[in-house]
1. In region 158-248, what chymotrypsin sites (Phe, Trp or Tyr not before Pro) fall in a loop by DSSP, with at most 12 other Cβ atoms inside 10 Å?
2. Show me the helices of the chain, taken as full DSSP H stretches, that run 20 Å or more along their long axis by Cα and average -1.0 or above in Kyte-Doolittle hydropathy.
3. Measure of size requested: the Rg and Dmax of the chain, with Cα atoms as the atom set and Å as the unit; please supply both.
4. Could you tell me, in Å, what Rg and Dmax come out for the Cα atoms of region 17-135?
5. May I ask what percent, to the nearest 5, of DSSP beta bridges between residues of the chain are antiparallel?
6. Only counting other Cβ atoms within 10 Å, I'd like 165, 283 sorted with the fewest neighbours first.
7. For region 226-327, just the Cα atoms, rotate onto the principal axes and tell me the three extents in Å, largest first.
8. Under a 10 Å cutoff between Cα atoms, tell me which one of 106, 52, 142 has the largest fluctuation in the Gaussian network model of the chain.
Amino acid sequence: MSDAARIDELRENYTAMRTELSKVIVGQDSVVEEMMVALFSGGHVLLEGVPGLAKTLLISSLARVMDLKFSRIQFTPDLMPSDIIGSEILEEAHGTGRREFKFIKGPIFANVILADEINRTPPKTQAALLQAMQEREVTTSGQTFTLEAPFFVLATQNPIEQEGTYPLPEAQLDRFMFNVLIDYPNFSEELAIIENTTGAEETHLEKIIDAAGVLANQEVIRQVPVAANITEFAVKLVRATRVGSGEEAKAASEFLAWGAGPRAAQFLIRGAKTRALIDGRPTPDLEDIRRLALPVLRHRIVSNFHAEAESISKDRIVSLILDEVAS
C-alpha cells in the first residue's frame, strides 16, 4: 500500500469513528478530537470534569467502535496493585496432584484501559500504572509480562471533590500525553442529550478498526516529516515555561514555580503530526502546535504562590506564554 493510500485510510478511520461516536456523544468536539489524536499518536489521556459529563460513556463508546479488548478499573481507596496487574494463585494440576503457582492476569492486560477516578486510590496503587504506561510491560514476582499493543490508558478524575483523594504525582502526570478538560454542554447540546437518552431506542455502535489497523495508523504518523521551524517552535515553547533557565517567558517568571520537561515537546510534535494527517495535510504547521499547547502543557507546569493568590489558571498562563513565544 502506498503512503498516500495509508494516509487516506487513516483519515477514513478517523471520520468513521467520529461519526459512530456522534450517535451517543453530543457536542464535545474538541474533547473527542484530542482523545483520538492521542490514540493514533500512541499516548495516554487524563480527562478531568465534574460528575455527569459523560466521561465514562465517552471512553467506553470509543472502545466499542474499536475491535479491541477493553477493561474498566474503578479506583477506590482500598484498591491494591495486585487488583490491577494480577496475582499468583496456588493451583493443583489435575491428574498429578502437583501444586504450582500460576499468574492470573489483571485488568491491565487489555488494549484500552479506563482508569475511573484515578485520584481516589493511594499512591502505591497509582504507581502500578507507571511501568505499564511507560514501558508497556508489567513485572511481578520476578517475571516480566509484555502488554499487547496497542495499549491506551484513559483516566478520569473529578476536580471539585478533593476530600479523600490522592492527587497524582508529577511523575505520573507526565506519562499522560494530554490533560483534557470537559466542560458543561451548551443549551442546545444539553437538550439533545436529554432527548437522546430518555427514549426507548437503543444505540448500536459499529466497530470501525482493529488492533492491526490502529498500529498501522500509528506507524504512518511516525513517518510524517516535520519542518525544522515547527520543531524549533515546539522546543522554544516548552523551554519558555522553565523558570530560571534564562529562556523563560515573562509570564513563566511571574506565575510558575516549575516548567515542562522534554516529553512535552515530544508530545507536541507527535500530536501535531496526527492532527495534520486527519485534517488532510501532509505535514504539521504552527497552528497544530498552538492548538495542542493547552492539553499538553496544563498538567506539566506548577503554578507559584502569586498565580494561586491571583487565581490565574494554568490555561491562562500557557496562553500568555504562547503569545510571547509566537510574537
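No lab work stands behind these numbers, since they all come straight from the coordinates. Quick caveat, the model's predicted, so the values are computed rather than measured. Heads up, the Cβs are rebuilt from the backbone with ideal geometry, glycines too, and the neighbour counts pull from every protein chain shown.
1. The qualifying sites: there are none.
2. Membrane-span-like by this rule: 3-21, 262-278.
3. 21.2, 76
4. Over region 17-135's Cα set, Rg and Dmax evaluate to 17.6, 60 Å.
5. For the chain, the DSSP antiparallel bridge percentage is about 40.
6. Ordered from fewest to most neighbouring Cβ atoms within 10 Å, 165, 283 come out as 283, 165.
7. Its Cα atoms span 44, 24, 24 Å along the three principal axes.
8. Per the Cα network of the chain with a 10 Å cutoff, 142 tops the list.
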